[in-house]
1. Being open to solvent by 50 Å² or more (accessible area, probe 1.4 Å) and within 22 Å of I220 (Cβ to Cβ): is that true of E52 here?
2. Do you know which of the residues in segment 112-150 that are of a type in the set (V, I, T) and within 16 Å of R180 (Cβ to Cβ) is most open to solvent (accessible area, probe 1.4 Å)?
3. Restricting to segment 143-182, count the residues that are out of contact with any helix residue (DSSP H, G or I) (no Cβ under 9 Å at 6 or more places or on another chain) and within 16 Å of ligand 2 (Cβ to nearest atom).
4. Quick one: would you say L53 is without any contact (Cβ under 8 Å) to a residue 40 or more places away in the chain, over 22 Å from Q72 (Cα atoms) and either out of contact with any helix residue (DSSP H, G or I) (no Cβ under 8 Å at 6 or more places or on another chain) or hydrophobic (A, V, I, L, M, F, W, C) (or both)?
5. Out of segment 154-186, which residues are over 25 Å from P231 (Cβ atoms), touching a residue at least 40 places away in the same chain (Cβ under 8 Å) and either part of a strand (DSSP E or B) or more than 15 Å from the chain's Cα centre (by Cα) (or both)?
6. Of the conditions (1) at positive phi; (2) in contact (Cβ under 8 Å) with a residue 40 or more places away in the chain, A189 satisfies every one except a single condition; which number is it?
7. Considering only residues that are touching a residue at least 40 places away in the same chain (Cβ under 8 Å) and within 14 Å of ligand 1 (Cβ to nearest atom), look in segment 67-76 and name the one that is surrounded by the most Cβ atoms within 10 Å (Cβ to Cβ).
8. Taking only segment 139-177 into account, find how many residues are within 14 Å of ligand 1 (Cβ to nearest atom) and under 25 Å from T39 (Cα atoms).
Amino acid sequence: MIQTLDPAGLTAFVTGVTSGFGKALARRYVGAGATVVGTGRRAERLDELKQELGDRFHPLPLDVRDNDAVKQAIQGLSGGLEAIDVLVNNAGLALGLEPAHEVDFDDWDTMVDTNIKGLLHCTHALLPGMVERDRGHVVNLSSIAGSYPYPGGNVYGATKAFVTQFSLNLRADLLGKQVRVTSVEPGLAETEFSEVRFKGASDKAAKVYENVRAMTPDDIAEAIFWVTTLPRHLNINRIEMMPVAQAFGPLAVHRG
Ligand code: NDP
Ligand code: 8X3
């Protein structure tokens, strides 16, 4: 038997708790006794979650793309919340599935600003405190799309490759410090992800999950809960997870 960490002693900063993985994780943490600062742009959804989760949940309306707002929000944390133990960089999105030569450049911009720069903003603001306290864990939501290319994955997959490599590079910088880093790389999971990717086209989004047992937000939340409550001498570098119903295709060959 190993001695896992008592979640009651953890304060987590989770980006993107208004939906999907982030919301499931906020519920998992608070249900186990942890304290959560939860962010997202949709303030009304944060309010609903506050109603549900109570005192140990601290809603923080925030657009992670806005570095000044991120810095200000993090500097404004008080009452014990200033010592964040776990940062979960979960906020992110895919926009579109068109081939690279047909995309709207604004979509690329938004994915880079959110998935890369947003993650960097939060990490840059919270990591120095973790190092100073010699205690912490950064969990980054990457994706299988960062390892395996697919048609239409162009910039989305590239942002996730950044997230994976950045996570591994952080490990290199943090050697000798008691600060852990994990890249979580899920495959098909049913959330609002496809609704966002297809810009509200619900029919198209529903087709992604039709007749398939996809992973659930709770599946991903459980993995994050596990890596962050392991004894402090253990670091899970990467965790790649897929539903059993998903696997790899052959490489494409064009004949003609
Ligand atoms: P959802 O769309 O269900 O949730 C995304 C969350 O990110 C929302 O809470 C949203 O909040 C938040 N968010 C998006 N943009 C911003 C922003 N600019 N500032 C603050 N918050 C933001 O998707 P998932 O739960 O599926 O996705 C979570 C993460 O997991 C993403 O990084 C995604 O790329 C990744 N992922 C998802 C997979 C899947 O199949 N679902 C598989 C692999 C990885 P709000 O809109 O209120 O701001
Ligand atoms: C989300 C998984 O395969 O739709 O990151 O890109 S995938």
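The values are calculated or read from the model by the stated rules, or taken from the named source; none is laboratory data. Remember, it's a predicted structure, so these values are computed and weren't measured experimentally. Neighbour counts run over all protein chains shown; Cβ positions are idealised from the backbone, glycine included. Accessible surface areas use protein heavy atoms only, side chains included; no ligands, DNA or RNA. Shrake-Rupley method; radii C 1.70, N 1.55, O 1.52, S 1.80 Å.
1. Working: open to solvent by 50 Å² or more (accessible area, probe 1.4 Å): yes; within 22 Å of I220 (Cβ to Cβ): yes.
Spelling it out, E52 is indeed open to solvent by 50 Å² or more (accessible area, probe 1.4 Å) and within 22 Å of I220 (Cβ to Cβ).
2. If we filter segment 112-150 for residues that are of a type in the set (V, I, T), which is where we start, we get 112, 114, 116, 123, 131, 138-139, 144.
From the residues that got through so far, the ones that are within 16 Å of R180 (Cβ to Cβ) too are 123, 131, 138-139.
Details: T123: 6, V131: 47, V138: 1, V139: 0 Å².
Within segment 112-150, the match that is most open to solvent (accessible area, probe 1.4 Å) is V131.
3. Of the residues in segment 143-182, 2 are out of contact with any helix residue (DSSP H, G or I) (no Cβ under 9 Å at 6 or more places or on another chain) and within 16 Å of ligand 2 (Cβ to nearest atom).
4. Values: without any contact (Cβ under 8 Å) to a residue 40 or more places away in the chain: yes; over 22 Å from Q72 (Cα atoms): yes; either out of contact with any helix residue (DSSP H, G or I) (no Cβ under 8 Å at 6 or more places or on another chain) or hydrophobic (A, V, I, L, M, F, W, C) (or both): yes.
Criteria met by L53.
5. If the condition is that a residue be over 25 Å from P231 (Cβ atoms), touching a residue at least 40 places away in the same chain (Cβ under 8 Å) and either part of a strand (DSSP E or B) or more than 15 Å from the chain's Cα centre (by Cα) (or both), then N154, V155 are the ones that fit.
6. Of (1) at positive phi; (2) in contact (Cβ under 8 Å) with a residue 40 or more places away in the chain, only one is false for A189: (1).
7. Among those that are touching a residue at least 40 places away in the same chain (Cβ under 8 Å) and within 14 Å of ligand 1 (Cβ to nearest atom), it is V70.
8. So the answer is 20.
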